Amino acid sequence: MSLFTLTGKTALITGSARGIGLAMAEGLAAAGAHVIVNSRQRVSVDAVVEQLKAKGLQVSSAAFDVAQEDQVLSAFDGFDKAGVAIDILINNAGIQHRQPMVELSLKDWHRVMDTNITAAFIVGREAAKRMIARGKGGKIINIGSLTSQAARPTIAPYTVAKGGIKMLSRAMAAEWAQFNIQANSIGPGYIMTDMNKPLMENAQFDAWVKSSNPAQRWGKPDELVGTAIYLASEASNYVNGQIIYVDGGWLSVL
């Protein structure tokens, strides 16, 4: 199992104070990594850090808004000054906005795009600069979605951003594979998270998710952890520019 150990590695996971990000933070820390928990809210980050430390895991905090370039640059400057080297980056932070396109404002379009795709570029760029300079390579995992492959109505900016995540990972692989950096994506299916709570509580949508999926159920955040550990570990050293869908088979029956 040494292929999958993350001992001695440092992982930054954006948007990791809840949901999928929190599950991955706990999972990677359990696999041996020191995990840096991130969110915009310092209170949320500190609460998660205390929760994970109580479980004996190696974690620390970094509160900054991934959609604000100045905050990202400041955070990485702080890592540099503290001697913290990011070996693994998971670009997980994301938001949703549900509205028909004909009613969608440019402000809301930009808000979703800035957080879901532009932030992944900014944080990925800063992490890669340092991975290249150190000469030891690294792992970048961008969190996509089913909408990296299939569109759904009323979530146009999210769909476009998550489609972009798939291609951003390929662009990263094309440029950075020569530096032993592997950049891949995970495409979660319908997962039981706070962001999806309104959908889960909608009887019609809940029934559709279950009936349209061969697994006949929603996924759980911790069911993404194994894929994240694989892509963060030496087991995936020749896997680059790919997206792995963890969706219970949903895309297989479209």
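Taken together, the values in this text are just the output of simple stated rules run on the coordinates, not laboratory data. None of the values given here were measured: they were computed from a predicted structure. Cβ sites come from the backbone with ideal geometry, for glycine too, and all protein chains shown count toward neighbours.
Structure summary
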| read-out | value |
| --- | --- |
| Computed helical MRE - 222 nm, the chain, DSSP H runs ≥ 4 contributing -39500 (n - 2.57), nearest 500 | -12500 deg cm²/dmol |
| 26 Å tail of the calculated P(r), the stretch 1-152, as % of Cα pairs | 27 percent |
| FRET efficiency for Glu201 and Ala151, using Cβ-Cβ distance with R0 set to 25 Å, rounded to 0.05 | 0.60 |
| Over the chain - Rg/Rh using Cα atoms and the Kirkwood inverse-distance radius | 0.95 |
| Three-way shape label, the stretch 192-243, alpha-carbon gyration tensor, a/c 1.5 | prolate |
| GluC sites (Glu not before Pro) restricted to DSSP loop in the stretch 194-254 with at most 10 other C-beta within 10 Å | Glu201 |
| Positive minus negative residues near Leu6 (Lys, Arg vs Asp, Glu; Cβ under 11 Å) | 0 |
| Inter-site label distance for Lys210 and His110 at 7 Å from Cα along Cβ, in nm | 4.3 nm |
| Local electrostatic count at Val45 - Lys and Arg +1, Asp and Glu -1, tallied over other residues with Cβ under 15 Å | 0 |
| Length-normalised contact order for the stretch 59-189 - Cα pairs under 8 Å, 6+ apart - percent | 28 percent |
| Loop trypsin sites (Lys or Arg not before Pro), the stretch 1-66, which have at most 12 other Cβ atoms in a 10 Å radius of their Cβ (DSSP) | Lys55 |
| Neighbourhood charge, 13 Å Cβ-Cβ cut-off, centred on Ser145 and excluding it, Lys, Arg +1 and Asp, Glu -1 | +2 |
| Principal-axis tilt of helix 42-53 within the chain, Cα atoms, nearest 10 degrees | 70 degrees |
| Gain in span if fully extended, Gln71 to Lys220, counting 0.36 nm per residue against the direct Cα distance | 50.5 nm |
